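The values are calculated or read from the model by the stated rules, or taken from the named source; none is laboratory data. All of these numbers come straight from a predicted model, not from anything done at the bench. Positions of Cβ are backbone-derived with ideal geometry, glycine not excepted, and every protein chain shown enters the neighbour counts. Remember, those area values only see protein heavy atoms, side chains included, never the ligands or the DNA or RNA. Shrake-Rupley method; radii C 1.70, N 1.55, O 1.52, S 1.80 Å.
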Amino acid sequence: MMGLLKYGERRDYATAARYLQLDPGQSTDVASLARELLALRTRFKGNLDLLSDEPNGSVEAGVPVGEVRAGVIEVGSTTVDVTLVQVDDPESGKIWLISRETIAKIPGLYAQLESEKPTAEDQIAVVLLSGRQLLGMSVRQWLGWLLSIPISWLLAWLLAFLLSVPRRVWCKLRQVPCTTIWQTPLGMPLRCIIAILIHAFFVYLLEPPILYRIYYARFIAALLTGSGAWLVSRITDRGFRHAVKHTQAHRAGGESILIVMQRLTRVLMVIIVFVTALALFGLHVGTALAGLGIGGLAIALAAQKSLENLIGGVSLLMDKAVHVGNFCKIGNQAGTVEDIGLRSVKLRTSDQSLLVVPNGLLAQMQFENFGPRRKCLLNQRFSLRIETQAEQLRTVLDRVQSMLDEHPAIETGTSRIRVADFAGAAFELELWAFVTTCDWTEFTVIRQEVILKIAEIVEAAGTRFAAPTQLTYLSRDAGVDTEKTNEIAHHESWNA
């Protein structure tokens, strides 16, 4: 059917006649017969996309095996089935042709079409089709098609506004803020779907050639599929954002997994739209998927590191080892995790530089995550000078311990201060306590406060911190004694 229509658009009726099942020895002008059949294509009712692509066709109820009903031609009150029949061609083998039963009724239908009074629809079609032709369509049809695009978009916006009027009136009467669905991220995909449907209706009214109508119907279906996928993607994004906020509010963890799942969902939607578009444009999806499988294998072999990073990122998220917002130390760099992607983890360091670590490398190395902890360890060592008396040392120990016990940010029962070492020049003390915060900035403030209070306690006790000391030993050698050296040499010679 597509081949017949292609040659009809080219006005090559002699080649188009090869798609007709003619009686042996038929002497009728077959080119004229093909021209009459193609002249009736505006009265054809049917969807050629429903025809099977299988060589043997499909089985239809009430139709003999080896025959397929493609549609009907309606002229006035007369309706004729357009039947395809499978025949054995000496050169090409089994092929499909327009059946001789259908061909036998073409002259009568064409004569009836020529004799009947043109309807208003036909008169509009004559006006549209008259004039110069460009790619099988008149200039008026091309102009109508181009104008229908902005008109469809304006009508979609107008329809969206009219549908939102009841909601706006209700909100105004209740004196509450009004937010319609058209003002949300779902509004744009919905407008696109409405505009595409309106545009398809305008194209139907323009009555382009049936071949272009088929191609354009496939194109419109692909656009609707893409817009529908866009709408579904916006809905899933909204659900994922709600789930991420819920997990963050309840500190349940797993928001990083949700973010990666959101991205994988987008990739899956793109693949589905791509495969669906291939099917709509008449390509064999099975062959395309097989090609994608072979191509995917080649890509996997060529991009082993990328797959390693992908698998490493998935394993990292499944273990829930790190989440967005955690303060981590990776190698000798510390910072806050800003993003966990399919390929890498992005860390914002304290100097505001962005550190990108591949997931494959991160899954194999040890890193420190400060996010899950509920408290921070405060471990400080300081020294008092050796002149500190025992009573002063006890005073410092008691007052520092009391200060730690009374501090609201220090965990009760975990704080202690002890004399850790007795060096030759100082008493070395060690402080050990847990601060009840997981925020690093807040921890540094508390640590500073504790250190300042310790300095005040030491000063009030009448002692001081030990300064770094170094022992220097000074001496002077007398040099060589000549008399003793000569005496030793003389004594050794006498013994010899």
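Structural remarks
- Rule-of-thumb Rg ratio for the range 1-93 [Cα; 2.2 N^0.38 Å; N residues]: 1.13
- The value obtained for the range 325-410, namely the Cα convex hull volume divided by the number of residues, is 146 Å³ per residue.
- Computed E for residue 53/residue 151 - FRET, C-beta separation, R0 30 angstrom, nearest 0.05: 0.25
- Scattering profile of the range 146-232 at q = 0.11, 0.15 Å⁻¹ [log10 I(q)/I(0), Debye over alpha-carbon scatterers]: -0.39, -0.64
- Taking amide H positions as modeled 1.01 Å from N, with prolines and chain starts lacking one, the residues under 5 Å from residue 71 and 5 or more places away or on another chain are 82.
- Under-5 Å amide H pairs with residue 466, H placed in peptide plane, nonlocal only: 383, 384, 385
- Based on Cα atoms of the range 361-473, Rg over Rh with Rh as the Kirkwood radius reads 1.08.
- For residue 425, no residue whose modelled amide H falls within less than 5 Å of its own remains once neighbours fewer than 5 places apart on the same chain are excluded.
- Accessible surface area normalised per residue over the range 1-110 is 58 Å², counting heavy atoms of protein chains with a 1.4 Å rolling probe.
- Using θ = phi - 60° in the Karplus curve 6.51 cos²θ - 1.76 cosθ + 1.60, the 3J(HN,Hα) couplings for the range 447-464 round to 4, 4, 4, 5, 5, 5, 5, 5, 4, 5, 5, 4, 5, 5, 6, x, 10, 9 Hz; x is entered for Gly and Pro.
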